1. Among the listed residues A308, A318, identify the single one that is aliphatic (A, V, I, L, M) and open to solvent by less than 20 Å² (accessible area, probe 1.4 Å).
2. Out of the residues in the stretch 353-401 that are farther than 22 Å from Y505 by Cα and basic (K, R), state the one that is surrounded by the most Cβ atoms within 10 Å (Cβ to Cβ).
3. Being part of a loop (DSSP other than H, G, I, E, B) and either surrounded by 17 or more Cβ atoms within 10 Å (Cβ to Cβ) or in contact with a Cys (Cβ under 8 Å, 6 or more places away or on another chain) (or both) is the requirement here; does G341 meet it?
4. Any idea which of (1) open to solvent by 40 Å² or more (accessible area, probe 1.4 Å); (2) in contact with a helix residue (DSSP H, G or I) (Cβ under 7 Å, 6 or more places away or on another chain); (3) over 17 Å from D458 (Cβ atoms); (4) not acidic (D, E) is the one Y177 doesn't satisfy?
5. Which residue, of A472, A456, is part of a helix (DSSP H, G or I), surrounded by 23 or more Cβ atoms within 10 Å (Cβ to Cβ) and either at pLDDT below 95 or touching a Phe, Trp or Tyr at 6+ places or on another chain (Cβ under 9 Å) (or both)?
6. So which residues in the stretch 475-503 are aliphatic (A, V, I, L, M) and open to solvent by 40 Å² or more (accessible area, probe 1.4 Å), if there are any at all?
7. Show me the strands (runs of 3 or more DSSP E) found entirely inside the stretch 66-185 where at least 1 residues are over 18 Å from H201 (Cβ atoms), among the aliphatic types (A, V, I, L, M) and touching a residue at least 40 places away in the same chain (Cβ under 8 Å).
8. Across the stretch 47-85, what is the total count of residues that are at positive phi and open to solvent by 20 Å² or more (accessible area, probe 1.4 Å)?
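The values are calculated or read from the model by the stated rules, or taken from the named source; none is laboratory data. Here the structure is a predicted model, which is why all the values come from computation and not from measurement. So basically every Cβ, Gly included, is an ideal-geometry build from the backbone, and we count neighbours across all protein chains shown. Areas reflect the complete protein model, heavy atoms only, side chains present, ligands, DNA and RNA absent. Shrake-Rupley method; radii C 1.70, N 1.55, O 1.52, S 1.80 Å.
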Amino acid sequence: MPGITVSAGEEIPSGEELKAAHRSGLYDDRYAFESRDAPSVRLTTALYPEYPFERYRFGDVTVYVEGVVYNRETQTLKYELEQRVSQREKSLTDPEWLRSLDGEFVFYAYDAAAAEMEIVPDLLGQLPLFYATNTEYALIGRNKPVLARLSGCDTFDQMAVAQYLRLGYALTDRTLYTDIRRVPEGHHVQVDTETGDLDVHQHHEFNLEGEPNSSNTVKVNARELSTRFTDACRCRAESCPGANVVLLSGGLDSRAILGGFEQCNADYSAATRNFEHDSQADIDLAGELATAVESNWRLLSTPGPTGADLIDHLDMTAGTDPFGIAHMQPFLRRVRETTDGPLWSYTGDGGDKLIPNLSPVIDLNSTADLVGYILDSEEKFSAEDVKRMTGVDEAAIRAEIRETISEYPEASLSKKFVHFELFQRAFAWLFEATDTNRNHFWTTSPFYAIDFVEYAMDCPDDQKRRYRLYSAFLKNLDSELASVPNANFGAPPASRSHEARVGLYNVLQRYPGFFETVKPTIKRVLGLSGTTNPDPSILTCLRKQNTRNSQHVVDPQGIERTVLASPESYTRGDLCHVLTLMSLIDSHRDEPVLSEYGTKEFT
C-alpha cells in the first residue's frame, strides 16, 4: 500500500525511526518521504508526486485528503469539509454525506485545539486502512509492514493464517499479523492525540435484504445501471490529470469500461498483459474488443517477476495479494513506460460481484449449511491440508465463519451469503489487491461508484441469473462489445449460448468435487488454459524457507507433508500462495531467502 502513517501520543517514534520504517516502501526513484509534525502527532508519507494527497487548513483544524472524490470540484469539496469540521451539527462521518461522494478516499482531520484526529475512509473502505494494537501510542496507516516495523510486531495470527490457506484471505478485521487490524467498511478511527487512545467506531451498516428495484423490468434496471456507470466513467476521466488507460482482458468487466468511455466520449487507450501463464484466448478476445470500438490498444509482453519484484509485492500488501499475481509488477511498469506523462488505470473490479447473481446455487436450510457452502465455494486448500500446515481444526474455522455471518443484518441465508461474498471476498480482500496497483499509478474502478453499487445491490437476484441483467447492461453501453465472446464462457454475453453455458456452470457448482475434476477439461475446450507448470525456483525457495521457519503458526513438517511432498498435486497458484505466506514470515529474519533471488525471474 502507499505509505501514509499516523502516529499520536506521548511516546511516538522519531522522524528518523519513521523514515527508516518507510524506506523499503520507496519503490522507485519517484518516491519521497515527508513528515508533517504537530504536538504529539506525526503524519508521514512515502509517495510519488502524482499520488493524490492534499492538505487544507481551517483554523485549528487541518484536513489531509488522500485519494480522489470524482464528483466534487476541488473548491466544492474544500467548502464542504470546512462546513463539517467547523459546525458540530455536521460530521465527516455522516453516512448520507459520505454516500453522496463518489470516490476512493481517506479524510485525516486533525483538530489541534481539541487534540483529536478523526480518520474517515470512503463508505466502502476502498483505500484499506490498518492500526496496531500493541503500542502505547496510536499507530494507524495504509501499509501493514510499515506498521509492523514501527510496532515491533513480528508474530502472526494463527487463525488468520489458517483462514488465509483455507479461503484465500483472513476474515473480519484480521490480518496475518497478530497485532495489526483492518478498519472495516463503514467504520472510522477516533484518536486522542495527547494520550494516544484509539477507538474504532461504526457509522454505517450495509443491508442487502431488500430488492427495491424488483418492480422494474430488466430493461429499466439495465438502462439505469448503464447511465450511472457512464456517469462514473465520465467523472473519472474528467478528473484524470493525464492519460486514461483501461487494463483490458477478454472478460466482461473491463469491456464495460470501454463502453462507458465510448458513451461519454472520453479519451483513453487500453493495455493487455501477455504473460507466459495467461490464456491466449483471453488475450485474443481483448484484441477483438479493442478493435470493436477502434481503441488504441497495446499488448505488452510481460516477463516473470524477479525476486526483487516479489519482495516489493510482499511489502505492498503483507501477503494479502499473493505471488500468483506478482507478474502485475513488471506489467504495471511496462504500462507506465509506454505511456507519456501521468496516467490513471482502470480495472473492472466489482463487475463480477455486483451485476451477476451471487446467491447460492443450492438450497440452504440452516446456518451450518451456509458455513459449509462458504467453505466449499471458497476453498483454497482442503481442511486436512490446513490442519497439517497450521494445526488449526476445521471446527475452529467454521466457528469464526458462523460468528462473522451472525453479525450480518440480513435475515435470509441467501442474502447473508451475498453479503459475505461482497464484504469479505471483494471488499476486505480484493480492495487490497487493487491498492497494489496504486504503488505504480492511481487505479480506480467505475463499478465501485457508490450510487452504482447501491443500485446494483438493490436489483433482484432473479434478473441477475445467467447474466441476463449484465447482458442488457452491456448492450446499453455498446452492442458491439456485447457481441464479442466472453473469455470465461466462450460465447458472446448477448447470446443464448452464453446463457446456456452459464446455466450448465451453475448446475456443476452444485457438485463442487466433480466440478473441480472437470474444470481443467472445460478450460481446455474453451481455450482458456494457460501454462501451469511452476518455476522450479518456487519449490527451491519454499524448501529453504521451510527449513528456517521457527514460527509456530506454520508447522514445517506440515508443509513438508503437503505441498513439498507432492507439488504436482497442487496448482501453480496454490504453491505461490504458500510461498507468499512463508516469505512474509521469513521477511522478519535478517537475511530473507528471497533476497538471494534478486534478479531471478519466477515464471
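1. On the way: A308 fails: open to solvent by less than 20 Å² (accessible area, probe 1.4 Å).
Exactly one residue qualifies, and that residue is A318.
2. This residue is K387.
3. On the way: part of a loop (DSSP other than H, G, I, E, B): yes; either surrounded by 17 or more Cβ atoms within 10 Å (Cβ to Cβ) or in contact with a Cys (Cβ under 8 Å, 6 or more places away or on another chain) (or both): no.
No, not satisfied.
4. Among (1) open to solvent by 40 Å² or more (accessible area, probe 1.4 Å); (2) in contact with a helix residue (DSSP H, G or I) (Cβ under 7 Å, 6 or more places away or on another chain); (3) over 17 Å from D458 (Cβ atoms); (4) not acidic (D, E), the lone unmet condition for Y177 is (1).
5. Being part of a helix (DSSP H, G or I), surrounded by 23 or more Cβ atoms within 10 Å (Cβ to Cβ) and either at pLDDT below 95 or touching a Phe, Trp or Tyr at 6+ places or on another chain (Cβ under 9 Å) (or both) holds for just one of A472, A456, which is A456.
6. So the first thing to find is which residues in the stretch 475-503 are aliphatic (A, V, I, L, M), and the list is 477, 481-482, 484, 487, 491, 494, 500, 502.
Listed by number, the residues that qualify are A494, A500.
7. Numbers: elements: 103-111, 116-121, 130-132, 138-141, 180-182.
Per the criteria, 180-182.
8. First, the residues of the stretch 47-85 that are at positive phi: 59, 67.
Among the residues that remain, those that are also open to solvent by 20 Å² or more (accessible area, probe 1.4 Å) are: 59.
Counting residues in the stretch 47-85 that are at positive phi and open to solvent by 20 Å² or more (accessible area, probe 1.4 Å) gives 1.
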